[in-house]
Amino acid sequence: MNALTDNETQPTRVDFYLLQGTNLQGIQQFCCRITEKAWKPGTSVFIRTENEQQARQLDNLMWTYSDGSFLPHAMENNTQEPEAPIIIGSKTEPASTVDLMINLASDIPEHCNHYSRIVEIINQDETIRKQGRLRYSQYDKNKHPLNHHNINA
């Protein structure tokens, strides 16, 4: 599906963050860091995970991510926290409008242009790198503005 078939005129900006290391924990820690930076000035965030297990791991990490802060989040379809500014879901689309989507899944979301910005986090694991290259190609083919950030720490 062409991501620009939505009724949007501007393609979504996509930022690729390239991390050192090969473990999933590093990706999840960096996801929390990006989420915190985005949420503090009032940006709503949707974190799209590969599966329910990864969503639960991230949910648990957000409770203990930082001693000095709290990331107000909820799992998708949580009726107790429907207005949480940070939503975690596995390969779903959020029910409400969201500014930033952090994509931890191996594919791109069907409706890329529903967001003003998408973040992709890639580490040095060969499988994750290959999946990242495929997503990069898809975004590029659909004329999304692409940015790269090398993260050394």
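The values are calculated or read from the model by the stated rules, or taken from the named source; none is laboratory data. Just so it is clear, the model here is predicted, and its values are computed rather than measured. Quick reminder, even Gly has a Cβ in these numbers, built from the backbone with ideal geometry, and neighbours come from all protein chains shown.
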Checked I102, I87 against criteria (within 21 Å of F16 (Cβ to Cβ) and either exposed (fewer than 11 other Cβ atoms within 10 Å of the Cβ) or among the β-branched types (V, I, T) (or both)); the one match is I102
So for the range 64-83 (the condition being at pLDDT below 95, out of contact with any helix residue (DSSP H, G or I) (no Cβ under 6 Å at 6 or more places or on another chain) and assigned to a helix (DSSP H, G or I)), does at least one residue qualify? yes
If we ask which residues in the range 120-153 are in a strand (DSSP E or B), of a type in the set (A, V, I, L, M) and exposed (fewer than 12 other Cβ atoms within 10 Å of the Cβ), their number turns out to be 0
